[in-house]
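A quick write-up on the structure given underneath.
The values are calculated or read from the model by the stated rules, or taken from the named source; none is laboratory data. Small disclaimer: the values here were computed from a predicted structure and weren't measured. Positions of Cβ are generated from backbone atoms using ideal geometry, with glycine treated the same way; all protein chains shown enter the neighbour counts.
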Amino acid sequence: MIMKKMMIVALTMMSATLMAQNNDQQRPQMDRATMVKVQTERMASEYGLDEAQTAKLMELNTQFAEKIHMGGMRGQRRGGPNGGPNGGQRRQNVDGQTGASPQQGQMQQAQRPSREQMEARMKEMRANREAYNAELKKIMTEEQFSKYEAAEKQRMERRGPRGPRR
């Protein structure tokens, strides 16, 4: 009876692990070019852009892809290109050995940027966003740009207040 229960638990755990692995494999990461294309197509559809406007928007989105929301700060926010505290790498003990368990010694902490560095980065991001919007305004009609601004305002309201975390 006990063996039967242990077998059921083991099979359940194995199947859950396999299902989790399959789900990860089914959601491939988009590269930057694909993200730019998807964003451009979404905006073209949402704001009713014609072919010429869409082509110009594609150029603009490609130019600003690194600077704006499509990846400018994502990896840096938590210490590395993959978003984890160590950039997607395994943690290192103080003696330099890799390990997955915090019990194996003190872990090195990812260095957090100073307040001045964070403020400079936010200022840079704001300037990039303003430059993007200025170029976008040249591409879109007044009506399209007004619709874009209203949608951006709504997105910001949904995100909620973003003050310093303490």
_Can you confirm whether Arg115 is farther than 28 Å from Asp31 by Cβ, among the charged types (D, E, K, R) and at pLDDT 90 or above?_
yes
*Out of all the residues in segment 56-72, is one or more more than 23 Å from Lys37 (Cβ to Cβ) and at pLDDT below 65?*
no
*Which residue out of Ala134, Ala151 is modelled with pLDDT of 90 or more, in a helix (DSSP H, G or I) and exposed (fewer than 12 other Cβ atoms within 10 Å of the Cβ)?*
Ala134
_Restricting to segment 9-49, and then to whatever is among the acidic types (Asp, Glu) and farther than 21 Å from Ile139 by Cα, can you tell me which residue is modelled with the highest pLDDT?_
Asp31
